[in-house]
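Written below as structure tokens is the structure these notes are about.
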Amino acid sequence: MAVSSGYWCDQRLIVTVDGPDGCRSITLNKPFARIGGRAPAEIVLPAETFPRRWLYLHGSTHGVFWLKLPRSSAGEKHTHGWLDAGQWLVCGSHRLGAQLTGGGADLLQPGPDWLGEGSARPPYPVIVLSIGGQVIERQTLTRRLTIVGRHPPATVQIANRSVSNCHCALFIDAGELWVVDLLSSNGTRLSDAPIESARLSEGETLRLGGIDLTFDGCSIGEERSAIVETLAAADENDELPGSAAPLEDRRAGLDAQKAELAAQREQWRREQDRREAAIAKRLSELEANRAALDARWLEFEQRQASLQQELAAHKQQWEEQCLAWRERQEAAERQLAEERRQLAEERRSWRAEQQGPAASQQAAPRRADQEPGEAADGRLAAADLTAQPAALEESAFEGSVAGLGLLCPRAAVERPSGPRSLEPATAAAGANGDAERLDDQARIREALAAFHQRKQGGIIASLLRLLRRGEV
């Protein structure tokens, strides 16, 4: 099949997009399509759903090969493959389909996985990676489609931040090396000019950010090259009948290398098994420690819940005790106030009872001047008797004790306003005065006895009330 000057095949790509906005078909004038959330992607999808670089569709005479461009996670499946006619790639609410058209030739059967090692046939292109003129790596490309970038799915990985995760694709077709830029951030440049796709000639250099990638020709492989050289030497020397000896020696050497590689592989497998066993043991220990920590954490949470319940119960009990204590205190204060009130009323009543005779004594007219001298002397003596207990008592009772003199009857005989009577009258008045004095003394004694008895009763009652309150 003839190949156009611009691309590796004459077929053109038709992409069908089915989404919420409807279904549309886009015919591209190239055999590849870059799909993402913004230009310069050939197929632009909503940026809120799709990243800047999402999908690469690569068309060839074998069909359409697709590859997801975002960084793939460990264990992720279905990141690349062949897209059959009528097959859809689904992402969210969008579906994509693709097919090739044009060229007038039937498509060949799809080949193997183009990203797999050994999918290409010799001769194999050789690339040299350098930075600032210093070579950092030299690789032989044995994959039909090689992705150059910083992270998987890139198969040629370059640890440089100027290189995108999936920077460009290198495609081998009929011994030729093609490059397609995969919407890289810093672009892919050839001869200092940015390119979208191009065919590389031997010795040409691509600029990938700060990294130089040089196409250093092709290699047919070490083993194939040795066999070809041996056959060429035998043909030149015309030693074809004896040329089997070097081949047998080469085969024996290859068998020895194969056996050595098998032994190394077995040793590596045993080492891997040992490491996997150690990792499994360590994981088991970690799981046991985690289970123990989970059990301890559960015990801690249960203990914490129990302590919180106990704290709430103690707090409630303390609040109830405080409330009961306040109620008892208030009741005791009310009782004390009531007893004080009663005591004050009794004291006022007692004072009123004791002040009654004193008021009567003050209100009664004084007849001392009308009484005979002996009667006055008797009343003075009675006043002296009442003054003695009044001096021993509280000042509050002085007026009441002094008022006991009112208990004594006054003399009925008034003192005459004129001059004194004769001697017989005086003698009679003296006799009456003596009788009255004796009566006054007896009544004073009775009043004092009643007063002391009542006062002692009040003191005892007060002591009993104090004992009930616990103040004594």
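The values are calculated or read from the model by the stated rules, or taken from the named source; none is laboratory data. All figures in this text were calculated on a predicted structure; none of them were measured in a lab. Cβ: placed from backbone, ideal geometry, glycine included. Neighbour counts: every protein chain shown. Ligands, DNA and RNA are stripped out before the accessible areas are found, and what is left, the full protein with its side chains, is counted by its heavy atoms. Shrake-Rupley method; radii C 1.70, N 1.55, O 1.52, S 1.80 Å.
When peptides 35-41, 335-341, 294-300 are ranked by their average number of other Cβ atoms within 10 Å per residue, the highest-first order is 35-41, 335-341, 294-300.
Sorting 82, 178, 318 by accessible area puts them as 318, 82, 178; the probe is 1.4 Å, largest comes first, and only protein heavy atoms count. Approximating the spin labels as points 7 Å out from Cα along Cα→Cβ, the residue 439-to-residue 138 distance works out to 16.1 nm.
Fully extending the segment from residue 351 to residue 117, taken as 0.36 nm per residue of separation minus the present Cα-Cα distance, adds 71.6 nm.
Between residue 29 and residue 273, the modelled labels are 6.2 nm apart [label points 7 Å from Cα along Cα→Cβ]. Once all protein chains are placed together, residue 274 keeps about 130 Å² accessible to a 1.4 angstrom probe.
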